[in-house]
Amino acid sequence: MGILIPGEINLKLFVLFMTDYILTYLGIPAGVIEEANPLMVWLFELPFIAGLAIRMLMAALVICLPVRIIKSGKISPVLAAAYYGAAYLAYALIIVVHLYWIIKYALMN
């Protein structure tokens with residue numbers, strides 16, 4: 001059984017994951033967005049490069065660990081597709097929220 005989710009979707013998820021981090025990192029000091037997740041609040045208190053490195057590791061776990069489970073055949077293809085579909089949708093919606101505050105912030109200045 002091969003990887004059920006194409007590599008380009010994994011790359012798109014990684015880009016969404018990292019875009020969320022960078023936009024949130026920029027929005028917090030500007031006062032236009034807040035982070036509600038305590039783990040992420042801690043991450044944003046770190047220097048940018050350290051936080052970015054940890055976030056990249058988090059992204060790798062969220063994206064790559066399921067690929068290994070899928071390859072092992074321990075989950076059904078439908079469940080794998082649902083997992084990646086939900087992750088992709090969640091991060092796409094988060095990016096829409098970021099676009100909202102960016103546009104709102106741009107119009108205020």
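Throughout, read-outs are computed from the coordinates displayed, never taken from laboratory work. Treat the numbers as computed from the prediction; the structure is a model and nothing was measured. Quick reminder, even Gly has a Cβ in these numbers, built from the backbone with ideal geometry, and neighbours come from all protein chains shown.
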TODO: Within the set of other residues whose C-beta is less than 14 Å from the C-beta of LEU52, count the net charge using Lys and Arg as +1 and Asp and Glu as -1.
DONE: -1
Open item on the list: If I histogram all Cα-Cα distances within region 64-109 using bins 5 Å wide from 0, what percent of pairs lands in each bin?
Closed with: 5, 19, 17, 14, 11, 9, 9, 7, 6, 3, 1
Open item on the list: 7 Å from Cα along Cα→Cβ at both VAL62 and GLU34: what's the point-to-point distance in nm?
Closed with: 2.1 nm
- [ ] State, to one decimal in nm, how far the label point of ALA50 lies from the label point of ALA86, with both points 7 Å from Cα in the Cβ direction.
- [x] 3.3 nm
- [ ] Report, in deg cm²/dmol and to the nearest 500, the calculated mean residue ellipticity at 222 nm for the chain, where each DSSP H run with n ≥ 4 adds -39500 (n - 2.57) and the sum is divided by the residue count.
- [x] -28500 deg cm²/dmol
Task: Global size of the chain as Cα Rg and Dmax, reported in angstrom - done: 15.9, 54
TODO: Give the long-range amide H neighbours of ILE75: residues separated by 5 or more places, or on another chain, with amide H under 5 Å away, using H modelled in the peptide plane at 1.01 Å from N.
DONE: none
Task: Among ILE103, LEU46, PHE17 - extreme Cα towards positive end, dipole of the chain, charges at beta-carbon - done: PHE17
TODO: Report the net charge of residues surrounding LEU79, where surrounding means a beta-carbon distance below 15 angstrom and charges are Lys +1, Arg +1, Asp -1, Glu -1.
DONE: +3
